[in-house]
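Right, one structure below, let's go through it.
Values in this text are rule-based calculations from the coordinates and carry no lab data. What you are looking at is a predicted structure, and each value in this text was computed from that prediction instead of being measured.
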């Protein structure tokens, strides 16, 4: 069991968050805090949802409207997801460096794409000369 396990019915969640159950229903309709649903379509809230509800109450108490709160919650969720993705990529990179050191080198190609190189090689240099004359008309 973790913080995202859906455990609490709406009445218990409302009590833990210090809100009325109808407020939780409204937040669910607006997409601010959306709990999981049972096969019978009843709402089940996790501890993570309860923390979000308390954050919504705090932001509301500071004078933010519900749309502003929804945007803040969405951005916080996005940051959390991106941080988890960065941690995964860092772990993958660390594993790759430990298991196969010096195997691959990556560089930026001329078009901005990623180019894979063998260790010890360089990307070919572009030696073209481009002349620009602002007074020249076509």
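Numbers below:
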{"read-out": "Cα pair distances in the range 60-115, grouped into 10 Å bins until the bin that holds the longest one, percent each", "value": "19, 24, 25, 17, 13, 3"}
{"read-out": "Helix axis angle, 66-99 relative to the chain longest principal axis, alpha carbon, degrees", "value": "50 degrees"}
{"read-out": "Between helix 21-30 and the chain: long-axis angle, C-alpha atoms, 0 to 90°, nearest 10", "value": "30 degrees"}
{"read-out": "Residue-averaged [θ]222 nm for the chain, counting only DSSP H segments that reach four residues, each worth -39500 (n - 2.57)", "value": "-16000 deg cm²/dmol"}
{"read-out": "Rg [Å, one decimal], Dmax [Å, integer] - the chain, C-alpha atoms", "value": "25.9, 76"}
